1. Hey, can you list the residues from segment A:27-46 whose accessible area shrinks by 20 Å² or more with all protein chains present, relative to the chain by itself (probe 1.4 Å, no ligands or nucleic acids)?
2. Between A:TYR39 and A:ASP78, what FRET efficiency comes out of the Förster formula 1/(1 + (r/R0)^6) with R0 = 25 Å and r the beta carbon distance, rounded to 0.05?
3. Please report, as a whole percent, how much of the solvent-accessible surface of segment B:5-96 comes from carbon and sulfur atoms (probe radius 1.4 Å).
4. Please report, largest first and rounded to whole Å, the three semi-axes of the ellipsoid equivalent to chain A, where each semi-axis is the square root of five times an eigenvalue of the C-alpha gyration tensor.
5. What's the longest piece of chain B with no exposed trypsin sites (Lys or Arg not before Pro), counting a site as exposed if DSSP puts it in a loop and it has at most 15 other beta carbons within 10 Å?
6. How big is the charge dipole of chain A about its Cα centre, in debye rounded to the nearest 20, if each Lys and Arg gets +1 on its Cβ and each Asp and Glu gets -1 on its Cβ?
7. With loop defined by DSSP as not H, G, I, E or B, and exposure as at most 10 other Cβ atoms within 10 Å, which is the longest segment of chain B clear of exposed GluC sites (Glu not before Pro)?
8. Report the local net charge at A:SER79: Lys and Arg +1, Asp and Glu -1, summed over other residues whose C-beta lies under 9 Å from its C-beta.
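The values are calculated or read from the model by the stated rules, or taken from the named source; none is laboratory data. All values derive from a computational prediction rather than experimental measurement. Counting neighbours? That spans all protein chains shown, and the Cβs are built from the backbone with ideal geometry, glycine included. Side chains included, ligands, DNA and RNA excluded: accessible areas come from the protein's heavy atoms. Shrake-Rupley method; radii C 1.70, N 1.55, O 1.52, S 1.80 Å.
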Amino acid sequence: QKEVEQDPGPLSVPEGAIVSLNCTYSNSAFQYFMWYRQYSRKGPELLMYTYSSGNKEDGRFTAQVDKSSKYISLFIRDSQPSDSATYLCAMSAGVTSYDKVIFGPGTSLSVIP
Amino acid sequence: EAGVTQFPSHSVIEKGQTVTLRCDPISGHDNLYWYRRVMGKEIKFLLHFVKESKQDESGMPNNRFLAERTGGTYSTLKVQPAELEDSGVYFCASSVRTSGIFEQFFGPGTRLTVL
């Protein structure tokens, strides 16, 4: 079993839709959960992070962590064509630069105008 | 402020040849990481430098891969000799904090194709 699983998509939605992206994981030691956005031919860019369980909101983006289910989600409200990218979940056991970050395979999202 | 830069952006080589990838981190970032993404798979950790020292190289696939970080500034990743399965995108990232919430800043990657 992989440490982090993520539906690769591709996911195609109309502009303005609510998008739900999800990851599951197997390692209960993970405490720090991240979402990266990667545009074509670019490197991943940190979008949001959450430490331990709970929700975090930033504009149109909401990150949720359910540690009891080992399940994390990223919601995008009022999706825009500029949101078209690959979204990678990532997680680590700690928050220091010494803690190894484990990535999911990414979900490709297209927002159609 | 300049971001993480990587050179070259693309490299196509024959099996058995040598390739050297370069990464210039953001100025002042002591932590430098190498990752690799092979087609269809997730981004995987290769190694972590703190300044010029290798902190963790547990992700390096085998001894055909050699990473260096001269003077704690830029880093190189050499593959010698290259094999077909080495094809993929090699990312470099850097971060500044050694404790507390940190963010890794990624470069655009080097796309390596081994024929």
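1. A:TYR32, A:TYR36, A:GLN38, A:ARG41, A:GLY43, A:PRO44, A:LEU46
2. Working: r = 19 Å, r/R0 = 0.77.
The value I calculate is 0.85.
3. Details: 2170 of 4430 Å².
For segment B:5-96, the apolar C and S fraction of the accessible surface comes to 49 percent.
4. Values: eigenvalues 107, 41, 33 Å².
Result for chain A: semi-axes of 23, 14, 13 Å.
5. Values: sites that count: B:LYS15, B:LYS41, B:LYS51, B:ARG64, B:ARG97.
Longest stretch, sites excluded: B:65-96.
6. Numbers: 10 positive and 11 negative charges, 40 e Å.
That gives a dipole near 200 debye.
7. In chain B, the maximal stretch lacking such sites is B:15-115.
8. On the way: positive: A:ARG60, A:ARG77; negative: A:GLU15, A:ASP78, A:ASP83.
Around A:SER79, the surrounding residues sum to -1.
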